[in-house]
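The values are calculated or read from the model by the stated rules, or taken from the named source; none is laboratory data. Quick caveat: nothing in here was measured; it's all calculated off a predicted structure. Quick reminder, even Gly has a Cβ in these numbers, built from the backbone with ideal geometry, and neighbours come from all protein chains shown. Surface areas here come from the heavy atoms of the whole protein model, side chains and all, with no ligands, DNA or RNA. Shrake-Rupley method; radii C 1.70, N 1.55, O 1.52, S 1.80 Å.
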Amino acid sequence: MVKAKKSSPKRASSGGERHTRTAAAAGAVPEAPKSAVQLLGIKKGKAKKVAIKKQVEEDEERFSLLDLGGQKERWVNFIRQQSLSTEDAAKLLLDSFEYKGLVKHSGGCHCGAVRFEVWASADLHVFDCNCSICVKKQNRHFIVPSSRFKLLKGADNLTTYTFNTKKAQHTFCKTCGVQSFYTPRSNPDGYGIAAHCLDEGTVRSIHVEQINGKEWEKAMKEHKTIRNMSKS
């Protein structure tokens, strides 16, 4: 009598298993399910791309207001490569014209708590005043508009001394006591910078002019240029 062969029962396969076998047969690696963190990262990435695209569109709109001609593409690429805002790029352009012929000096107090930079000529015109306070602290300074001066650090480390009319703001470092700059009575819209507090390497020459601060009103009336030195 011939025995019938028992066939092994076929296990029902799910759709997912069929897909896996098919993918394996094709040599493909099945994609793992994305975690919540991965999905969040994808969403953030898309949001960033949208924000960048919006910024580019806004920049294009701003640039369209300027007649940049053949320089438009160069201007746009420069801003993007340097990661500058439109305002920052405009400031660089304006500085290059407004400060033409000037150099950027840097300086500060003795201990380094106060640091600043100032745009001025490499050939400095320094005033040596003989008023009571300037004589005692040897306040030889040159004058610049406030727009050409930038305090880099130390605002919270400065203190101010005033006397008499209280118009001059004699600022100095709380730590070392050095006055590297101040606001002169003659030029309240500018700064008097102590040339001896500048870092080495940017000053070419210094011309010193004596000012009769003992007769301040008379000296200011007779001087033809000092008040204009703080005008932008």
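Look at the Cα gyration tensor of region 144-232: its axes a ≥ b ≥ c give a/c of at least 1.5 with a/b at or below b/c, and that counts as oblate. Here's the picture: charge each Lys and Arg Cβ at +1 and each Asp and Glu Cβ at -1 in region 74-232, and of Y161, Q138, H110 the one pushed furthest to the positive end of that dipole is Y161. Dipole magnitude for region 94-223: about 360 debye, using +1 per Lys or Arg Cβ and -1 per Asp or Glu Cβ, origin at the Cα centre. Other residues lying with their Cβ under 14 Å from the Cβ of I211 contribute a combined charge of +2, Lys and Arg counting +1, Asp and Glu -1.
3J(HN,Hα) couplings calculated from phi for region 185-196 with the Karplus curve 6.51 cos²θ - 1.76 cosθ + 1.60 (θ = phi - 60°) are, in sequence order, 5, 6, 9, x, 9, x, 9, x, 9, 6, 4, 6 Hz; Gly and Pro show x.
At a probe radius of 1.4 angstrom, the accessible area of region 84-131 per residue rounds to 51 square angstrom.
Other residues lying with their Cβ under 15 Å from the Cβ of G192 contribute a combined charge of +4, Lys and Arg counting +1, Asp and Glu -1. Carbon-plus-sulfur accessible fraction, region 104-202 (probe radius 1.4 Å, protein heavy atoms only): 49%.
Per residue, region 151-194 exposes 51 Å² of solvent-accessible protein surface, assessed with a 1.4 angstrom probe and all protein chains in place.
Counting Lys +1, Arg +1, Asp -1, Glu -1, what net charge surrounds K91 among other residues with beta carbon under 12 Å of its beta carbon? Around K91, the charge tally is -3.
Around the amide H of F127, modelled in the peptide plane, lie the amide H atoms of H141, F142, E209, all under 5 Å away and 5 or more residues distant in sequence or on another chain.
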